[in-house]
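Here the structure is laid out as structure tokens; the discussion comes afterwards.
We did not get these values from a lab; they are worked out from the coordinates using the rules stated. Worth saying up front: this structure is predicted, and the values here are computed from it rather than measured. Virtual Cβ from ideal backbone geometry, glycine too; neighbours counted across all protein chains shown.
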Amino acid sequence: MKHLMLSAAFVAISAITAQADTLEDLKGQGFARIAIANEPPYTAVAADGTVSGAAPDVAREVFKRLGVGDVVASISEYGAMIPGLQAKRFDAITAGLFMKPERCAAVAYSEPVLCDAEAFLLPAGNPKGFKSFADIAADPEAKIGAPGGGTEEKLALDAGVPRERVIVVPDGQSGLKMLQDGRIDVYSLPVLSISDLMKKAEDPNLEMFAPVEGAPVYCDGAAFRKQDTALRDAFDVELAKMKESGEFAKIVEPYGFSAAAAMSTSRAKLCGE
């Protein structure tokens with residue numbers, strides 16, 4: 001029995017040490033590995049590989065304040081981000097990965113960073129009158145495009161859109177092209193992502209409907225492994241300082257995000273803690 005108690009104590013001490021060492025490890029290697037999508041303005045990757053967007057820019061500044069010199073990004077589908085984090089392919093996810101109960105159970109989120117609502121990209125005039133995911137479910141011919149493993153895919157399926165009518169789209173430009181070619185009837189992403197697509201497309205035959213009726217407003221946060229709560233807590237301390245000083249607003253608001261929206265809520269509210 002004594003041996004078992006000592007073993008349990010050793011495991012507990014080892015776990016605490018591992019948490020404490022994570023930030024030191026990142027400082028030592030000089031960068032943090034982050035998972036991102038390529039979905040402006042949340043995240044963006046230029047032709048030369050330069051990573052920007054509101055989420056990576058916030059993460060880069062927070063990590064810099066923690067003594068970690070830079071971030072190195074890997075593009076991932078939303079559905080593969082958490083498994084990749086858990087498999088230690090990334091140190092954090094900074095990609096507009098909205099807080100939802102099942103994700104809150106799987107990762108350790110920071111306090112909120114980016115908040116947004118859902119939108120539809122549609123043919124001009126919204127000929128089928130789609131205002132909600134339920135409207136799409138009620139049309140037996142309608143097909144909706146959405147990111148694989150993302151919030152919009154789940155909202156469509158939960159509303160009753162059959163799996164075969166929910167088309168997985170790898171990125172924004174692909175969704176735009178599929179809509180223009182008539183392969184889908186609507187493409188769903190957050191308001192800011194649809195706005196960015198429309199701005200770049202300059203296509204008068206398209207329009208945005210937002211906010212989608214019945215769809216909640218979401219916020220993301222930087223996501224860490226469950227065992228890396230010490231790293232998450234250190235991230236939160238610096239994030240709070242940035243929110244207080246106004247530096248946070250200077251980073252996110254040029255991308256169209258509201259700093260006030262992120263500061264008006266908390267991880268505890270969004271994750272039901």
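What is the chain's relative contact order, in percent, from Cα pairs under 8 angstrom and six or more apart in sequence?
Numbers: 473 pairs, mean separation 73.4, N = 273.
Relative contact order comes out at 27 percent.
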- request: Provide, in order from the shortest bin, the percent of all Cα-Cα pairs of segment 118-209 in each 5 Å bin, continuing until the bin that contains the maximum pair distance.
  value: 3, 16, 30, 29, 17, 5, 1
query: Excluding same-chain residues fewer than 8 positions from Lys200, which lysines have a Cα within less than 25 Å of its Cα?
result: Lys128, Lys131, Lys143, Lys177, Lys250
field: Evaluated at q = 0.14 Å⁻¹: base-10 log I(q)/I(0), Debye formula over Cα of segment 81-239
entry: -0.72
- request: Within 10 Å, count the other beta carbons around each residue, average over each peptide in 190-197, 108-115, 71-78, and list them highest first.
  value: 108-115, 190-197, 71-78
query: Residues with beta-carbon under 12 Å from that of Ala37, excluding Ala37: net charge, scoring Lys, Arg +1 and Asp, Glu -1?
result: -4
task: Give me the net charge of Glu102's neighbourhood, meaning all other residues with Cβ under 13 Å from the Cβ of Glu102; Lys, Arg count +1, Asp, Glu -1.
output: +2
- prompt: For the residue pair Glu202 and Ala268, what label-to-label distance in nm results when each label sits 7 Å from Cα along the Cα-to-beta-carbon direction?
  reply: 5.0
Estimated FRET transfer efficiency when R0 is 41 angstrom, pair Asp25-Ala124 (beta carbons, to 0.05): 0.20
message: Of the candidates Asp70, Asp25, Asp236, which one comes out as most mobile in a Gaussian network treatment of the chain with C-alpha springs shorter than 10 Å?
response: Asp25
Mean shadow area of the chain, taken as a quarter of the surface of its Cα convex hull (nm²): 16.5
